[in-house]
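Reviewing the structure listed below.
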Amino acid sequence: MTLMRSDTRPTEALQQGAFKPLQQGAYQGLQQSASLKGLLKPFKGKGELVQLAEQCASLEAGLRTLTQEVLAQVRQHPFALLPVRLIEQNTAAGTTFLRWQSVQERRMGVGVWAQMVHAPKTPIHLLQDLFALEQHRITLNMQISLIHSIGKQAAECAEKMGLAEAEYQARLQQIMNPPQH
């Protein structure tokens with residue numbers, strides 16, 4: 001489908017302009033501390049799992065900083081004039097995701113974004129920006145979800161490792177100090 005006004009070629013009308021997408025540099029610091037090879041190894045004890053959980057918490061905080069950069073842009077002109085906004089939604093699990101919300105009706109979700117994209121009142125010159133925003137929202141939410149889940153699992157495994165070690169040490173104590181009869 002080609003969107004066209006009589007005075008503008010389709011590619012000119014759909015050029016991105018207002019939204020400045022996150023670039024590789026924004027992720028540079030996060031990438032240096034993140035590595036899946038650190039996840040795929042034999043963990044030797046509780047300490048390494050605690051360290052992984054802490055690393056994930058740090059990465060999640062870094063990703064939240066990136067979401068703030070995106071939110072700062074959409075709170076400005078021309079996005080502030082739209083009938084929808086991008087907001088943070090806190091979950092019971094302790095994560096924060098980006099969600100689209102209708103300003104008037106308080107409805108939320110990607111359907112609100114889709115409805116705005118299809119609305120005849122939405123300026124054609126903002127379509128590319130809105131598409132890029134949605135791509136960033138999806139990506140950041142996925143990254144936050146994955147890092148949060150890995151961190152939660154690492155913390156739970158560290159706790160289980162601690163319990164296992166406590167049981168093992170208790171048994172060793174029984175062997176080393178047998179009850180006297």
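Evaluate the range 155-165: report whether one residue or more is in contact with a Phe, Trp or Tyr (Cβ under 6 Å, 6 or more places away or on another chain) and at negative phi. Break it down into steps so the answer makes sense when it comes.
To start, the set of residues in the range 155-165 that are in contact with a Phe, Trp or Tyr (Cβ under 6 Å, 6 or more places away or on another chain) comprises none.
No, the range 155-165 contains no residue that is in contact with a Phe, Trp or Tyr (Cβ under 6 Å, 6 or more places away or on another chain) and at negative phi.
Regarding the range 119-127, can at least one residue be identified that is modelled with pLDDT under 95, exposed (fewer than 14 other Cβ atoms within 10 Å of the Cβ), of a type outside the set (S, T, Y) and within 27 Å of A155 (Cα to Cα)?
The answer is no, given that none of the residues of the range 119-127 is modelled with pLDDT under 95, exposed (fewer than 14 other Cβ atoms within 10 Å of the Cβ), of a type outside the set (S, T, Y) and within 27 Å of A155 (Cα to Cα).
Looking at the range 108-163, which of the residues that are over 18 Å from the mean Cα position of the chain (by Cα) and not in a helix (DSSP H, G or I) is nearest to A18 (Cα to Cα)?
P123
For the range 116-129, how many residues are touching a residue at least 24 places away in the same chain (Cβ under 8 Å) and under 21 Å from Q89 (Cβ atoms)?
Within the range 116-129, residues that are touching a residue at least 24 places away in the same chain (Cβ under 8 Å) and under 21 Å from Q89 (Cβ atoms) number 1.
So, H181, is that one surrounded by 14 or more Cβ atoms within 10 Å (Cβ to Cβ), over 30 Å from L52 (Cβ atoms) and over 25 Å from the mean Cα position of the chain (by Cα) or not?
Numbers: surrounded by 14 or more Cβ atoms within 10 Å (Cβ to Cβ): no; over 30 Å from L52 (Cβ atoms): yes; over 25 Å from the mean Cα position of the chain (by Cα): yes.
Taking the combined requirement at face value, the residue does not satisfy it.
So how many residues does the range 70-129 have that are closer than 19 Å to L140 by Cβ and acidic (D, E)?
Adding up the residues that qualify gives 2.
If K46 satisfies every condition in (1) among the basic types (K, R); (2) free of Cβ contacts under 8 Å to residues at least 40 places away in the same chain; (3) farther than 30 Å from H118 by Cβ but one, which is the exception?
It fails just one condition, (2).
Scan the range 90-104 and tell me whether some residue there is surrounded by fewer than 18 Cβ atoms within 10 Å (Cβ to Cβ) and in a helix (DSSP H, G or I).
No, there is no match, as no residue in the range 90-104 is surrounded by fewer than 18 Cβ atoms within 10 Å (Cβ to Cβ) and in a helix (DSSP H, G or I).
From (1) modelled with pLDDT under 65; (2) in a helix (DSSP H, G or I); (3) over 19 Å from A154 (Cβ atoms), pick out the condition that doesn't hold for T2.
It is condition (2) that T2 fails.
The values are calculated or read from the model by the stated rules, or taken from the named source; none is laboratory data. Keep in mind that what you see is a predicted model, and the values were worked out from it rather than measured. Because the Cβ atoms are built from the backbone with ideal geometry, glycine has one as well, and the counts that use them run over all protein chains shown.
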